[in-house]
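What follows is a single structure, written as structure tokens, with notes after it.
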Amino acid sequence: MRRGGTGVRLTARLIAGSFAVVCVLVALVVATIDRRLHVRIADESALELAREARLVAIEWNSATDADSLANAAGAALGHRVTLIDPHGHVIGDSEFDGPALQHLQNHSTRPEVIEAIATGTGTSRRRSPSAGDEEQYAAVRASLGVARVSVTTSVVEQSFDRARRDVLLAGAIALVISMLIAGLFSRSVSRPIVELRDVAQAMAGGDLTRRPRLTGPAEVGELAGALHAMAEQLGARLLALETEESLLTGLFESLNEGVLAVDAAQQVVRINRVGRTLLQVRGGVPFPASELPEHRALATAIRAALDGEATPPAEVVVDDRTLMLTARPLADGGAVVAMLDLTAMRRLETVRRDFVANVSHELKTPLTIIGGFAETLVDDDPPVEQRRAFAETIRVNTVRMQRIVDDLLDLSRIESGGWVPNPTLVDVAGVADDALAGVEAQAAERGVALSIAPAIGGSEVYADPLALRQLIANLVENAVRHTRDGLVTVFTEVDDAGVWVGVRDTGTGIGAEHLPRIFERFYRVDTGRSREAGGTGLGLAIVRHLVEAHGGRVRATSVPGRGTTIAGLFPNEGQLAAH
């Protein structure tokens, strides 16, 4: 009985609520339509009168009797038609004839007449002094005066009343139909809702064998399906929670930041892999926070977070690592500490500062020379030979600065990824011939012999042609610059991973302590001699980046006084594609 009574009460509430909503909606619709319909009918009436007045104005001419025209138009239109001369005298009216027409007031002060004379068309709504009732007027300027058509507002109101009755009738019909539909809908909704309530109560009581029928209108049916699915999945939720815990643990361990959690008892209860690496922690959790590395900033941050105070990010150095340390309190009284390793970033900043200093130093000397000689040429008037010498010095230093800038641009484009190699099979001997041709004069001057020695099976290499030419040219220029009365050879070697392309010379050689750094930008073994020889200090850095862009690597071997060998490995076609 209780279930049936509940269903009836629910149905009754749904019907009552639907009835109230429909009544309010119908009332709002009727009120809105009533107001807008009244305005629309009034506007349409004014437009219709204006059109009729315009038609009468067209028919009114000097050959037509004004009063006869007004009578005929009034009979045809069913409205009062008035013809007014330019001085405001009524010379024709469909409702007044003879003496009555002569006694009509002057109409020059009528609002619609004034507006028609000024703009061509005028309208107004007011009580007529001659007719005695309220009328709607529309006047149009004509060639002989003003043509006016009017109708009593009672006619307009009658049209509005008829339209209102139609709207009210439609609203009543809609209300009845809506209530019938609402009654049917309420019964169809209340039955499955009551059933869903009973099933939910049984499930809350621990009876997971109850299932709702998977039928019902729209959302009710979806709710039944959801309740059924929930009953089926309650057992699986425990397994899902375990899986989620595993996922969160994996996510916690994969963070790039080091994170550790300390409970209210100052025990480290969680620490991820990065945190262990940064703090060099080896043991398992939990362990006392006192066993963490002894660092004042770390201990202070943990203590403040345990006291409920968040610490702002602070940069600290722990075991030669620069860390950004942040601590936050937890709701249960514990604390969580996040550590971001800034060591690599700070190292890059140092490299950047060194790079800026090196560039400034490299450009300062030629700029000073150019400025000094330019001032001498401007302020003094040296002999012609001396001027030529000064100009040549300026040109040489300008070329040097241009080479530095060009090498910097090339290096920047390669490092930033703006240049991507387009490798093809390239004949090493052909590229080497072009590169050697550019240093023949300098080599002859220094007594250096040039040769090409490709290995068997290494005459071709899979590389970008322009990159390969730049690599060989840079290595050959370096070799000639540091060799006198010797030999410079472009060679290849075949390797399982690809082909080595390099240059060996019999020059001054490089000390073992310098070899690890010769591929750094602006690094020079002998600063004075390298600048004097015209090097920029960027050639080998460009070589390294060109080779690495192909997926290869560089190597350098040297014996002081006996020569240097520098080469780059270009991987085979399949290995380069994988790279």
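The values are calculated or read from the model by the stated rules, or taken from the named source; none is laboratory data. Keep in mind that this is a model prediction, so the values were computed, not measured. Using ideal geometry, Cβ is built from the backbone for each residue, glycine included, and neighbour counts are taken over all protein chains shown.
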Item to check | Residue tally, condition touching a Phe, Trp or Tyr at 6+ places or on another chain (Cβ under 8 Å), outside any loop (DSSP other than H, G, I, E, B) and aliphatic (A, V, I, L, M), over the stretch 453-466 | outcome: 3
Checklist entry - Across the stretch 307-331, what is the total count of residues that are part of a strand (DSSP E or B) and surrounded by 10 or more Cβ atoms within 10 Å (Cβ to Cβ)? => result 16
Next on the checklist: So the check is Cβ under 7 Å with 6+ separation or different chains; which pairs have a first residue in the stretch 216-232 that's part of a loop (DSSP other than H, G, I, E, B) and a second one that's at pLDDT 70 or above and not polar (S, T, N, Q)?
Outcome noted: 216/192; 216/224
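Of the residues 83, 28, which is of a type in the set (A, V, I, L, M), over 30 Å from residue 105 (Cβ atoms) and at pLDDT 75 or above?
Numbers: 83 fails: over 30 Å from residue 105 (Cβ atoms).
Answer to the selection: 28.
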Item to check | Check on residue 555, assigned to a helix (DSSP H, G or I), assigned by TED's automatic domain parsing to the domain that holds residue 485 and modelled with pLDDT of 85 or more | outcome: no
Next on the checklist: Here is a check on your reading of the model: is residue 499 β-branched (Val, Ile, Thr), over 50 Å from the mean Cα position of the chain (by Cα), crowded, with 23+ Cβ neighbours inside 10 Å and not in a helix (DSSP H, G or I)?
Outcome noted: no
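Picking from 100, 66, 118, which residue would you name as being in the same structural domain as residue 147 (by TED's automatic domain parsing), hydrophobic (A, V, I, L, M, F, W, C) and within 60 Å of the chain's Cα centre (by Cα)? Explain how you work it out, then say what you get.
Numbers: 100 fails: within 60 Å of the chain's Cα centre (by Cα); 66 fails: within 60 Å of the chain's Cα centre (by Cα).
Checking each option against the conditions leaves just 118.
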Next on the checklist: Return the residues of the stretch 319-341 that are under 34 Å from the mean Cα position of the chain (by Cα) and among the hydrophobic types (A, V, I, L, M, F, W, C); say none if nothing qualifies.
Outcome noted: 323, 324, 325, 327, 336, 337, 338, 339, 340
Checklist entry - Out of (1) in contact with a strand residue (DSSP E or B) (Cβ under 7 Å, 6 or more places away or on another chain); (2) farther than 14 Å from residue 474 by Cα; (3) at pLDDT 85 or above, the odd one out for residue 565 is which? => result (2)
Next on the checklist: Just to be sure I understand the filter: pairs with C-beta atoms under 8 Å, separated by 6 or more residues or on different chains, first member in the stretch 169-184 and more than 11 Å from residue 23 (Cβ to Cβ), second member exposed (fewer than 11 other Cβ atoms within 10 Å of the Cβ). Which pairs pass?
Outcome noted: none
Checklist entry - Is it the case that some residue within the stretch 481-488 is crowded, with 19+ Cβ neighbours inside 10 Å and under 28 Å from residue 424 (Cβ atoms)? => result yes
Item to check | Single unsatisfied condition, residue 246 versus (1) in contact (Cβ under 8 Å) with a residue 12 or more places away in the chain; (2) loosely packed, with under 14 Cβ neighbours inside 10 Å | outcome: (1)
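One residue is enough: does the stretch 379-386 have a residue meeting the conditions farther than 23 Å from residue 572 by Cα, in the same structural domain as residue 501 (by TED's automatic domain parsing) and either modelled with pLDDT of 75 or more or under 46 Å from the mean Cα position of the chain (by Cα) (or both)? First the steps, then the outcome.
Of all residues in the stretch 379-386, those farther than 23 Å from residue 572 by Cα come to 379-386.
Imposing the further condition that a residue be in the same structural domain as residue 501 (by TED's automatic domain parsing) reduces the set to none.
The answer is no, given that none of the residues of the stretch 379-386 is farther than 23 Å from residue 572 by Cα, in the same structural domain as residue 501 (by TED's automatic domain parsing) and either modelled with pLDDT of 75 or more or under 46 Å from the mean Cα position of the chain (by Cα) (or both).
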Next on the checklist: If a residue must be within 19 Å of residue 303 (Cβ to Cβ) and assigned to a loop (DSSP other than H, G, I, E, B), how many such residues does the stretch 269-290 contain?
Outcome noted: 2
